[in-house]
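These notes are about the structure you will find just below.
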Amino acid sequence: MNSTAIDSPPRTLPADWRDFVALTKPRVMVLVVFTGICGMLAAPATLPPALAFTAILCITLGAGAAAALNQWYEADLDALMKRTAGRPLPAGRMDRDSALHFGVGLGVFSVLLMELATNWIAAAILAVSILFYVVIYTVWLKRRTPQNIVIGGAAGAFPPLIGWAAATGTVDPLPLLLFALIFLWTPPHFWALSLFVRSDYAKAGVPMLPVVAGLKATRRQILIYTLLMSASAIAPWPLGLTGAIYGATATALSAIFVVLALATLANPATEPRDMKPEKRLFGFSVLYLFAVFGAVVVDKWLIA
Amino acid sequence: MSANDPHTEEVRRRQRARAKVMGLALAAFVVLVFFVTIAKMKLYGA
């Protein structure tokens, strides 16, 4: 590992505060905040606005802490990829210790504040989600297994569970199914992306599925996870946990997702410029998650 | 290194900006804890 440039960046300037913000990956946070809010709004109990706001703030700060610690650990890897080389650490705009202290401080703060504002169950799940992302995913499995994305997906699946637990103080079947939905959604979402940015991951030596198992196997895995994801997306309806509005939305959108996954499977292209179905699948996957989670909330509030 | 060479000035500028952001964050935290306390007192009828 050639990390000399990372271990001794120019320390002559204190990092700009904007680089600490960049360290929290604000753009990834949108989905985290949105699914967290949906989990909270889908819950049968309602928090006072100040506590609801604080709980969502804690989920946001926790996600930011996890992102900062991820970049602290992965600075050597980020330096090798075009997409990530401009981040504060690989670009040398911040020293690693600052990122570590910022990440740990923010993480501990978010968990303590969550306990203070809501309950210890939400705080405990928040702590587990941060540790899971940093220790199990980033440190342990990301560079060791081509199933890394599957493991990483579990980390991103916590927000609705935390939002629900903040409101109710419990963990119930519906938020667990929402957890499963994001967990199973992540592999098709990221593998579609990794099909057309494959060369970058290969350069950094991350065992992404297309690099290790090939394009055909990746496209097959995308379809398998899409089917599992669809099952857990639709399940709340027949189980009586949601109404028909959610059921119809989830079924229709999952059907489109499956069609796009089939189009991907049928595409023999090996060059990114011929990977239109993959790009379409990736784009739709983001829309899908927003729409399905929106439907959970709309369904609940219309019935109430 | 004199007090007004460009490097020192840039360091000072960044320190000032960070202190300002930290100050705003702390002020926001004070306001947040106030409202959390009010909400908790209403919830538990204290």
Residues of the range A:252-304 satisfying the condition of being hydroxyl-bearing (Ser, Thr, Tyr), within 21 Å of A:Phe196 (Cα to Cα) and surrounded by 14 or more Cβ atoms within 10 Å (Cβ to Cβ): A:Thr264, A:Ser285, A:Tyr288
Go through the range A:12-29 and report how many residues are surrounded by fewer than 13 Cβ atoms within 10 Å (Cβ to Cβ) and more than 13 Å from chain B (Cβ to nearest Cβ). 1
Looking at chain B, which of its residues are surrounded by 11 or more Cβ atoms within 10 Å (Cβ to Cβ) and part of a loop (DSSP other than H, G, I, E, B)? none
Would you say B:Ala19 is among the aliphatic types (A, V, I, L, M), more than 17 Å from A:Phe109 (Cβ to Cβ) and within 7 Å of chain A (Cβ to nearest Cβ)? no
Pick out the one residue from A:Leu209, A:Leu178, A:Leu215, A:Leu193 that is surrounded by 24 or more Cβ atoms within 10 Å (Cβ to Cβ), modelled with pLDDT under 95 and outside the structural domain of A:Asn119 (by TED's automatic domain parsing). A:Leu209
Please work out which residue is farthest from the other protein chains (Cβ to nearest Cβ), limiting yourself to the range A:34-57 and to residues that are surrounded by fewer than 24 Cβ atoms within 10 Å (Cβ to Cβ) and of a type outside the set (A, V, I, L, M, F, W, C). A:Pro44
Out of (1) in a helix (DSSP H, G or I); (2) surrounded by fewer than 23 Cβ atoms within 10 Å (Cβ to Cβ); (3) at pLDDT below 95, the one A:Thr60 does not meet is (3)
The residue from A:Ala65, A:Ala85, A:Ala91, A:Ala45 that alone is part of a helix (DSSP H, G or I), of a type in the set (Gly, Ala, Ser) and assigned by TED's automatic domain parsing to the domain that holds A:Val139 is A:Ala65
Just to be sure before I move on: is A:Trp185 surrounded by 16 or more Cβ atoms within 10 Å (Cβ to Cβ), at pLDDT 95 or above and in the same structural domain as A:Gly64 (by TED's automatic domain parsing) in the structure I sent? no
Subset of the range B:32-46, residues at negative phi and more than 10 Å from chain A (Cβ to nearest Cβ), comes to B:Met41, B:Tyr44, B:Ala46
Determine, yes or no, whether A:Pro268 is of a type outside the set (Gly, Ala, Ser) and at pLDDT 95 or above. no
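The values are calculated or read from the model by the stated rules, or taken from the named source; none is laboratory data. Keep in mind the model is a prediction, meaning the values are calculated, not measured. For neighbour counting, all protein chains shown are included, and Cβ atoms are generated from backbone atoms with ideal geometry for every residue, glycine included.
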